[in-house]
Each structure stands twice: as structure tokens, then as C-alpha cells.
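> Handing you this structure, nothing more for now.
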Amino acid sequence: MIKFIRYELKRNLLPMVIFTAIACLIVGIMNTLSDTYYYYDFPNEVRVRSALLSTPTVIFAILCVIVPILQFSFRMKSRGADLWYSLPVKREKLMLVRTLAGLLLAVIPFTVSYWFGFFILLGRTNYYVLHGYLLYYLALLPLGVLLFGIYSFLFSRANTVCDGIIFMIAWTFIFMMPFLYMSMHNITYSSQINGWQEFTPFGMLYYVEQWFDDYICGSYGYAVHAPALRSLAWLIPIAAAEGIGAYAGLFLTARGQKAENSEQLSSSLWGYKVFIPLYVFMFGGCLDVTDLQLCLLWGAILLVGGYVSYIAYRRSFRLKLCDVLSLLISFAAGIGFSLLGHYVF
């Protein structure tokens, strides 16, 4: 087990150096060239522009999405799966080591670039609440760990790398579809909801960054961003539940993974067979049924898109009857949902 851990760390050393160098370069450029404050004429005072937290935050989020692809793609090639699963290591331990190594591969480049950018700001004239940078770093780390777990689980539900990436993209945006539906039908939604980004796994990072940006810039009163706090009050518990559930699913299903599934159809319930009809249903619900010509046009495009998605899933133009029925029923239900939204809500 110790040898396996050492090997995994050694294997990830080069990509870690590359990721760290790229992250430091991007953060260094942004923190060197961006203005940190400006003079406001009336009243005559200095105002802080931004704490420059968005760049390292985006880098961390990207790493938490890319690294799972690197760490768990081994089981999506027959040769790689046979090799790794033949090791005298339990599947759960194999997943644990790959997960821990992946977390290091995401956290270390982010940590180095974050504090590199911080020391650049120290060398410039600034009016920041400097201890806020440490607080933000400590707050962001666990959120990044949760995000890493979510995307590791989603990617590992597939049997090919391409399918895994599609799963990650599909589930990233699926929870913003109700918000799109309400917007299309002018349905009043809760004042606690501030925007579509709340419905993605990145929403928690977005609002934590907003709140700490205000805090570090010295905006203590109204600008401590009450909307961000309201959003975080329900986003963080949901993210914690999703992240913990994702890690549990990742390890509890490790033993059931088989090498012979590699490169086969990705028939997981977390994949095409669920999100294709769900997207068709939700997009169908967003159609404008009051404009028949436009509704027919977009409806036809939606059906073609669903059909093509099933072709990608089955890797064949010959679909099963259950696929056709699923597509037609979800589309019809979506149209009904659109009528409901327009004439009832």
C-alpha cells in the first residue's frame, strides 16, 4: 500500500508542476496588472476595486473538474483497467489512493498560486483587510474538496472518457433548468434566489468569493453582501450533502466495478438514460406554446437533438423501442408542462 501511494505521488509529480506553473503565471499576471484601488472625487476618498479572488477561485474550480478525468480514466480503457484491477490492492483502497492523489493534484497548484498572488499584492499599495485572505483560503478548501468529489463520482459513472465528460457537463447545468422554466413563463420565484449560477455545483464557490471579496475590500455594512449570505445559507448544506453522498457512492460502488465494462455502453442511471429524457422534458417545458410556428420549429429541433443524443448513447442509428418511447413521452410531457406554465401559473 505504501509503495502504491509513493508510485501515485511520483506519477502525478510532473502534471502537478505543470498545473502549478500555469496557475502561478495566470494569477501572477492578474495580480500584477489589475488595479487594486481608485480615487473617488466626491467624497474625496480611496475605494478598493477588487480583492482579486476570482482568478484563483476559477483555477481551483477548473482543477476540481479536470483532475478527476485524469485520475479515474484508468478504468475506461480495457488495458488500463486490467492492469490496475490486477494489483494486489482492494478496490476501495485503490479508489482512496487515486482520490487522495487527485485532491493533492488540485489543492497544491491552487495553494501555491493563491499565496503567490497574495505576496504579489503585499508588494503593491493596497487597502485590503489582509487576514481575510487566510479566512477565504480556509473556507474555499473544503468547498473545493466537495466539488472534486461530485465530479469524480459523475465522471466515474461512465465507461468511456467521452461519456464521462458528457455526464459531468450534463449534470452541471441540469439543476438550473427549473429556473429557466420559471424565467420563460414569467413565474415569480423566491427572493432568496439570485441567479442561475446558484443551480450549478459552482454556485457555492461563486457566492463565497463574492462575500469575501466585499469583506477583504473593507465593505462591512450593507456591502457584506446579504444576498450572498442568503444564498450560502442553503447552498452550502446542499453542497455538503451532494459531496458527502458523491464520496460515499464513489467508494461503495468501487468493488462492483468490472474491467470488462471498459469501453462499453455507459448505461448507468447517472447517464444518458436519465438526463436525455429529463433535458427533453425541461426544454419542452420552456417552449413558447403561444407562437405555434416557433414552437413547431424549436420542438422539431429538440426532438432531433434528443434522437442524436440517443444515437450517441447507443452508438448506433438503430434505437430501442424504449428509447423512442422515452423521447416521445418526455417531449409530450414537456409540452404539457409548458401549457401548464403559460395558462395556469
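The values are calculated or read from the model by the stated rules, or taken from the named source; none is laboratory data. Predicted, not measured: the structure shown is a model, and the values here were computed from it. Positions of Cβ are generated from backbone atoms using ideal geometry, with glycine treated the same way; all protein chains shown enter the neighbour counts. Heads up: the accessible areas ignore ligands, DNA and RNA and are worked out on the full protein's heavy atoms, side chains in. Shrake-Rupley method; radii C 1.70, N 1.55, O 1.52, S 1.80 Å.
> Could you sort the peptides 279-286, 17-24, 153-160, 6-13 by per-residue average Cβ neighbour count (10 Å cutoff), highest mean leading?
In decreasing order of mean packing, 279-286, 17-24, 153-160, 6-13 become 153-160, 279-286, 17-24, 6-13.
> Treating only the Cβ of Lys, Arg, Asp and Glu as charged (+1, +1, -1, -1), what charge dipole size does the chain show about its Cα centre? Round to the nearest 20 debye.
Approximately 1660 debye in magnitude.
> Please sort 48-58, 100-110, 233-243 by packing, taking for each peptide the average over its residues of neighbouring beta carbons within 10 angstrom, highest first.
100-110, 48-58, 233-243
> Counting residues in the range 263-322 as N, plug N into 2.2 N^0.38 Å and put the Cα Rg over that result.
1.28
> Continuing with this model, one more query. Once a ≥ b ≥ c are taken as the square roots of the eigenvalues of the Cα gyration tensor of the range 216-345, is the result rounded (a/c under 1.5), prolate (a/b larger than b/c) or oblate (a/b not larger than b/c)?
Oblate shape, in that a/c is at least 1.5 and b/c is the bigger or equal ratio.
> A further question follows. Top to bottom by accessible area (1.4 Å), largest first, where do Thr200, Thr32 land?
If we order Thr200, Thr32 from most to least accessible, we get Thr32, Thr200.
> Another question, then. Taking 22 Å as R0, compute the FRET efficiency from the Cβ-Cβ separation of Phe74 and Ser267 and round it to 0.05.
0.65
> Using R₀ = 41 Å, calculate the FRET efficiency as 1/(1 + (r/R₀)^6) where r is the Cβ-Cβ separation of Thr290 and Ile165; round to 0.05.
The computed FRET efficiency comes out at 0.65.
> Using a 7 Å offset from Cα along Cα-Cβ at Leu180, what residues in the range 295-316 end up with backbone N under 18 Å from the label point?
295-310
> Which of Leu130, Leu328, Leu292 ends up with the largest GNM mean-square fluctuation for the chain, with Cα atoms connected below 10 Å?
Top of the fluctuation ranking is Leu292.
> Given labels modelled 7 Å from the Cα in the Cβ direction, how far is it in nm from Lys93 to Ala300?
It works out to 6.1 nm between the two label points.
> Taking just the alpha-carbon atoms of the chain, what radius of gyration and Dmax come out, in angstrom?
Rg and Dmax of the chain, Cα atoms, are 23.4, 72 Å.
> Picking from Lys93, Lys320, Lys77, which is most flexible by a Gaussian network model of the chain using Cα springs under 10 Å?
Highest fluctuation among the options: Lys320.
> Continuing with this model, one more query. Given a cut-off of 18 Å, name the pairs among Lys77/Lys320; Lys258/Lys320; Lys90/Lys258; Lys10/Lys258 whose C-alpha atoms lie farther apart than that in the structure shown.
Going by Cα-Cα distance, Lys77/Lys320; Lys258/Lys320; Lys10/Lys258 fall outside the 18 Å limit.
> Here's something else I'd like to know. What is the ratio of the Cα radius of gyration of the range 145-188 to 2.2 N^0.38 Å, with N the residue count, to two decimals?
Dividing the Cα radius of gyration by 2.2 N^0.38 Å gives 1.49.
> While we're looking at this one, here's another question. What FRET efficiency would be calculated for the residue pair Ile22, Phe251, taking the C-beta separation as r and a Förster radius of 22 Å, to the nearest 0.05?
It comes to 0.10.
> Also, I was wondering about something else. Can you tell me the length gained on complete extension of the stretch Arg49 to Leu13, counting 0.36 nm per residue apart and subtracting the Cα distance?
The Arg49-Leu13 span can extend by a further 9.3 nm.
> Let me ask something else. Using a probe radius of 1.4 Å on heavy atoms only, what accessible surface per residue do you get for the chain? Whole Å² is fine.
The answer is 51 Å² per residue.
> For a quick check, take a GNM of the chain with Cα springs below 10 Å and name the residue from Ser73, Ser34, Ser152 with the largest mean-square fluctuation.
Per the Cα network of the chain with a 10 Å cutoff, Ser34 tops the list.
> Then there is this: Using a 1.4 Å probe on the protein heavy atoms, what percent of the accessible area of the chain belongs to carbon and sulfur?
Answer for the chain is 70 percent, counting heavy atoms of protein chains only.
> With N residues in the range 104-180, what two-decimal value do you get for its Cα radius of gyration over 2.2 N^0.38 Å?
With N residues counted in the range 104-180, Rg over 2.2 N^0.38 Å equals 1.53.
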